[in-house]
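Notes follow once the structure below has been shown.
The values are calculated or read from the model by the stated rules, or taken from the named source; none is laboratory data. Here the structure is a predicted model, which means the values were calculated and not measured. Here Cβ is always computed from backbone atoms with ideal geometry, including for glycine, and neighbour counts include all displayed protein chains. Just so you know, the surface numbers come from the protein's heavy atoms only, side chains and all, with ligands and any DNA or RNA stripped out. Shrake-Rupley method; radii C 1.70, N 1.55, O 1.52, S 1.80 Å.
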Amino acid sequence: MTGAIVCALLAAPLSAAGEPPPSAMRFTDVTASSGISCTTVSGATPSQQVLEVKGGGLALVDYDRDGDLDLFVPNGATLADPERGPGARLYRNDGALRFTDVTAAAGIAHRRWSFGATAGDVDADGFDDLFIACFGPDVLLRNKGDGTFEDITARAGVGDPRWGTSAAFADLDLDGDLDLYVCNYLDFDPAKPLPPANFKGQPVLAGPRGYAAAHDALYENRGDGTFVDRSASSGIASVKPGFGLNVAILDFTGDGRPDIFVGNDSQPNNLFTGTEPWRYADQGMRSGIAVNGEGLEQATMGVAVADVDGNGRPDVFTTNFSSDVNTLHLNLDGRSFDDRTNQFGLGAPSRTLCGWGAGFHDFDHDGDEDLLSVNGHVYPQASRQLMDSDYAQRPLLMERRGARFAVVDAAGAWKLEPHVDRTAVFGDLDLDGDIDAVVAGLNAPIRVIRNDHDTADDWVVVVPHDARAGRGDRHAVGATVRLTQGGVTQRRWIVGGGPFQSNVAPEAHFGVRPDGGQVVVEVVFPGGATATREAVRGGTRLVVEHP
């Protein structure tokens, strides 16, 4: 075994007692003081049908362009009245992790049963709009720039009536505007549910198997915020449909063009790569990312992207159902992926968990990315005795220690209490340089989690920005951000899509060493243009414009 391989396999040093050192990560649940008082609704409690178990997403959006991230909650409804739930909510970020409910003032009256949400400037007017994936016609809310929104779904041509779950904006054809991918789940009539299924000898609600899977939808932006349905002509609709739950768009292959990864429930995942303008081929099976290392499809829910092995390419982590494990696929060369879950210690801790939203972030600013995923079962009767898995489950916080990840049992005041969670979004919500989180569960209050890292100058946040006139993709979705210090390079990607039915904040966060030497930041924009900034100071929020 070579010295390089030996070094790669070394774990973090042990303490004098032979135990791993305690984690430096510290969080506090600040929901009570945040001003966010919202309970997500997703049918009845306990859940009776498959429509009720997915929960809803969240979206981070700077709708008022004041430089901080606001929160949009699409919210759900009930089987008795899927068109009239409690309604979506928009919370304005007022700083210091305090928010104000501005839903009424913003003119948002959306009440349809909703799942995924994402944000982007579809009409290139400088203000981010909101797309909502729904059970029933999807919805596009245009930001009018005066603090209010209008429903332009019919005009835009994106009101797909099927059951939409997740969605992502990205400039797929590199023409400067935001195109749209929407995951659809299955054909479902609340009045005609399937009879109960069986799981570990217990009768449980049926689905997704037994229902007809729905094809996803792909839209090309005409450049004015209206769209052309490219689902059929692109080849997306010719691929066998999966039970689509999540999407991540970025350049996985390294050819300079965005690719589309789709996580499917109980079906092989897809990796759509472009063969020519607006023509895609599914390379999921060929590349190895469609299934796990045993060749089995999984119930993919959450998706997180990071360069876990340091080879400069985006690797893909997915959360999955209980009695299975979460999966890490390393991107070996842009064309092939390999299941290395156990090598990094990510398998065994997740076996009893039903995983959902997940994100890689350097929570402790030590120069590598840690991992947080949220969990909760779909079967209300789940218990360790009946199903080897509880209904309410703890978030799984894993700290990167050397070549492996280690479970963190508690992080400061946050004891990682069990909940029936579904998604989480991550960002520097209070602009203090560390990554905070907002967590949403099933029929549960939204929670705001503050990161209590307290070093002032050991971070850099990079915001890629394309301010060229007439461009709707001003956030440069798909950009690669590299930070180099002391000969070591960290990489982040601005991803279209999100942890689960949610979006990724359009900024890249890095931990740096205050005494580690000069910091150089390089942003590779979609299409290949590169901008470099040298001598970047720690404690800096850096906007990097397209050259």
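What residues from region 314-332 fall in the zone where the backbone N is under 18 Å from a label point 7 Å along the Cα-to-C-beta line of K200?
Taking a point 7 Å out along Cα→Cβ of K200, the residues of region 314-332 whose backbone N falls under 18 Å are 320-326.
According to a simple spin-label model (label point 7 Å from Cα along Cα-to-Cβ), what is the distance in nm between L332 and R351?
Between R351 and L332, the label points sit 2.6 nm apart.
Just going by the charge dipole of the chain, with Lys and Arg at +1 and Asp and Glu at -1 on Cβ, which of L186, F252, G136 is farthest out on the positive end?
Farthest towards the positive end: L186.
Per 0.36 nm of contour for each residue apart, how much would the distance between D146 and D454 grow if the chain were fully extended, relative to their Cα-Cα spacing? List each step's numbers first, then the result.
Details: separation 308, 0.36 × 308 = 110.88 nm, distance 3.60 nm.
Length difference between fully extended and current span is 107.3 nm.
Which one of S287, V158, V73 is farthest out on the positive end of the charge dipole of the chain, using unit charges on Cβ (Lys, Arg +1; Asp, Glu -1) and the Cα centre as origin?
Comparing the listed Cα positions along the dipole, S287 ranks first.
Between A212 and E417, what is the spin-label point distance in nm, taking each point 7 Å from the Cα along the Cα→C-beta axis?
The answer from the label model is 4.5 nm.
Provide the FRET efficiency to the nearest 0.05 for the T530-Q385 pair, computing r from the beta carbons and using R0 = 45 Å.
0.20
Roughly speaking, to the nearest percent, how much of the chain's 1.4 Å accessible area is carbon and sulfur?
That share works out to 51 percent.
Which whole-Hz couplings ³J(HN,Hα) result when phi for each residue of region 343-348 is put into the Karplus expression 6.51 cos²θ - 1.76 cosθ + 1.60, θ = phi - 60°, listed in order with x for Gly and Pro?
Running phi through 6.51 cos²θ - 1.76 cosθ + 1.60 with θ = phi - 60° gives 4, 9, x, 9, x, 4 Hz.
Could you grab the relative contact order for the chain? Cα pairs under 8 Å, six or more apart, rounded to a whole percent.
The value is 15 percent.
With r defined as the distance between the Cβ atoms of R513 and L79 and R0 fixed at 45 Å, what FRET efficiency is calculated, to the nearest 0.05?
0.25
Could you give the nm distance between label points at S33 and S323, where each point is 7 Å from its Cα heading toward the beta carbon?
Label-label distance for S33 and S323, simple model: 4.5 nm.
Compute the distance from the alpha-carbon center of region 70-91 to that of region 406-449, in whole Å.
Spelled out, the Cα-based centre of one part sits 21 Å from the other.
Report the antiparallel proportion of the DSSP beta bridges in the chain as a percent, rounded to a multiple of 5.
Of those bridges, close to 95 percent are antiparallel.
Please give the charge dipole size of the chain, origin at the Cα centre, charges +1 on K and R Cβ atoms and -1 on D and E Cβ atoms. Round to the nearest 20 debye.
1220 debye
Among K54/K240; K144/K240; K54/K200, which pairs are too far apart, with a Cα-Cα distance over 27 Å?
With Cα atoms farther than 27 Å apart: K144/K240.
In debye, nearest 20: dipole of region 386-469 around its Cα centre with unit charges on the Cβ of K, R (+) and D, E (-)?
Values: 9 positive and 16 negative charges, 76 e Å.
It works out to roughly 360 debye.
What are the trypsin sites (Lys or Arg not before Pro) within region 22-91 that DSSP puts in a loop, where the Cβ has at most 15 other Cβ atoms within 10 Å? Before the final figure, lay out each step's value.
Values: sites: R26, K54, R65, R84, R89; in loops: R26, K54, R65, R84.
Within region 22-91, the qualifying trypsin sites (Lys or Arg not before Pro) (loop, at most 15 other Cβ atoms within 10 Å) are R65, R84.
Find the relative contact order for region 76-133 and round it to a whole percent, using C-alpha pairs within less than 8 Å whose residues are 6+ positions apart.
On the way: 89 pairs, mean separation 17.2, N = 58.
Computed over region 76-133, the figure is 30 percent.
Between G470, V448, P418, whose Cα lies farthest towards the positive end of the dipole of region 345-473 when Lys and Arg beta carbons carry +1 and Asp and Glu beta carbons carry -1, centred on the Cα centre?
The residue sitting most towards the positive pole is P418.
Residues with amide H under 5 Å of A44's amide H, sequence separation 5 or more or different chain, H placed in the peptide plane at 1.01 Å from N; which?
Amide H neighbours of A44, under 5 Å, 5+ apart: L79.
How would you classify the chain from its alpha-carbon gyration tensor, with a ≥ b ≥ c the square roots of the eigenvalues: rounded for a/c under 1.5, else prolate if a/b is greater than b/c, otherwise oblate?
rounded
With every protein chain present, what is the per residue accessible area of the chain (1.4 Å probe, Å²)?
36 Å²
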